[in-house]
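This report concerns only the one structure given below.
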Amino acid sequence: MNGRKDAVGGCSASYRDRQLHNPEEEAAPVGSTRPADDAPQRGSASAQKRDEAARLRDESAALRDEVAQLRDEVADLRDAEPDPDDRSADRADRAADRYDDEAADRDKEADDRDVAAEERDQAARSVERSQDIVTMDGARSRADAVTARRDAASDRRGSEQDRRQAAAERTAAGVDRDASAGDRRHAEQDRDGSASDRAEAMEEIDAASLDALTAAYARGPGMAELERDRSRADRTGEPMTLAFVDVDDLKGTNDLGGHPAGDRLLRHVADTLRANTRPHDLIIRYGGDEFVCALMGLTSTDAAKRLAMVDAALAAAAEPASITVGLAELEAGESLPSLIRRADDALYRQRRQR
């Protein structure tokens, strides 16, 4: 690596900030080198088309999020509101229980009457046996027994009607509960659809946030992430170092091997940066041949060691390459534009020293 730490402060804020505050400045096309006079660069037509496509994907993802939110609200309403089908099913169950209770009471009364009728029959038979004639008492006892049996039969018919009514009520309750279960299934389907919409929206947002060539963060979305990192580091007092990385001689590579060779070089540098940093470290393609890397929790000294590993890995590759790096460690209360500017200045000093 041809660069050393030159300013204390952070690891991810310099050129990006300038773009945030200068909307006309855009990332340089692949194969370009950073102008020495810092003149604003206008993107190629293809870059502008990619930006427009990314913007449309962002809008599509935002609409998907809104749809998912509405589906969540519908599912919440379905779950939260008292279900009329459940209420009617409960009422039907209670009615069926009452019919069952009434039927049981009638069965008991019928049993009692059967017992009474049997007792009267026995009494009548006893009288007949003792007198060998049908006495008035015996006839009366038999008539009472017949009446009791008739009443018992009537009670049993009423009991059977009550039981049939209870069965009908329970069937209706089951239908209502099935309808309620169907509504709950619809609510669950709404939630599943909402989750699917959110996942697709996140995929679209991620696709719109990444540089198509290097898979690093694109400049616009990356700057927003970088500001969040800076704010968190400033709030917590955690160290943060910003590395401004310039790919050496990208123009020469393009001249010798064409733009495909330059593209391979840029991808190789991005892959090597990722391989030698941590998964949560932010890597942004800031311009045509420039990357910005935010290293949370690292001082500029520690960050310099990591970037030296990147430079060494590039030098040892089958197609050797190198980078120049400017470092700035975040200072208390420092703004993102200031941090990026200091890292950019450190990069220029490293360039002049070569």
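The values are calculated or read from the model by the stated rules, or taken from the named source; none is laboratory data. Source: prediction; values computed, not measured. Neighbour counts are summed over all protein chains in view; Cβ atoms, including those assigned to glycine, are modelled from backbone coordinates with ideal geometry.
Taking each residue of region 214-226 that is assigned to a helix (DSSP H, G or I) and looking for partners that are polar (S, T, N, Q) with beta-carbon atoms closer than 8 Å, six or more apart or interchain, yields ARG219/GLN19; GLY220/GLN19; PRO221/SER209; GLY222/SER209; MET223/GLN19; LEU226/SER12. When LEU242 is tested against the conditions (1) under 34 Å from the mean Cα position of the chain (by Cα); (2) outside any strand (DSSP E or B), the lone failure is (2). Every condition in (1) at pLDDT 75 or above; (2) buried (at least 17 other Cβ atoms within 10 Å of the Cβ) is met by VAL67 except one, and the failing one is (2).
Is at least one residue of region 88-96 out of contact with any strand residue (DSSP E or B) (no Cβ under 7 Å at 6 or more places or on another chain), farther than 30 Å from ASP190 by Cβ and either at pLDDT below 75 or surrounded by 13 or more Cβ atoms within 10 Å (Cβ to Cβ) (or both)? Scanning region 88-96 turns up at least one residue that is out of contact with any strand residue (DSSP E or B) (no Cβ under 7 Å at 6 or more places or on another chain), farther than 30 Å from ASP190 by Cβ and either at pLDDT below 75 or surrounded by 13 or more Cβ atoms within 10 Å (Cβ to Cβ) (or both).
One residue alone among LYS305, LYS251 is without any contact (Cβ under 8 Å) to a residue 40 or more places away in the chain and in the same structural domain as ARG219 (by TED's automatic domain parsing), and that residue is LYS305. The set of residues in region 298-354 that are closer than 25 Å to ARG264 by Cβ and polar (S, T, N, Q) comprises SER322, THR324, GLN350.
Please verify whether region 270-282 includes one or more residues that are in contact with a Gly (Cβ under 9 Å, 6 or more places away or on another chain), under 12 Å from ALA216 (Cα atoms) and touching a residue at least 24 places away in the same chain (Cβ under 8 Å). Yes, there is a match, as at least one residue in region 270-282 is in contact with a Gly (Cβ under 9 Å, 6 or more places away or on another chain), under 12 Å from ALA216 (Cα atoms) and touching a residue at least 24 places away in the same chain (Cβ under 8 Å).
Matching residues to (1) in the same structural domain as ARG185 (by TED's automatic domain parsing); (2) aliphatic (A, V, I, L, M); (3) closer than 30 Å to ARG142 by Cβ; (4) outside any helix (DSSP H, G or I):
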site: SER88; (1), (2), (3), (4): yes, no, no, no
site: ARG91; (1), (2), (3), (4): yes, no, no, no
site: ASP100; (1), (2), (3), (4): yes, no, no, no
site: ALA103; (1), (2), (3), (4): yes, yes, yes, no
site: ARG106; (1), (2), (3), (4): yes, no, yes, no
site: VAL115; (1), (2), (3), (4): yes, yes, yes, no
site: GLU119; (1), (2), (3), (4): yes, no, yes, no
site: GLN122; (1), (2), (3), (4): yes, no, yes, no
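Looking at ALA315, ALA294, can you tell me which residue is among the hydrophobic types (A, V, I, L, M, F, W, C), under 34 Å from the mean Cα position of the chain (by Cα) and in the same structural domain as ALA233 (by TED's automatic domain parsing)? Please lay out each step first, then the result.
On the way: ALA315 fails: under 34 Å from the mean Cα position of the chain (by Cα).
Only one candidate qualifies: ALA294.
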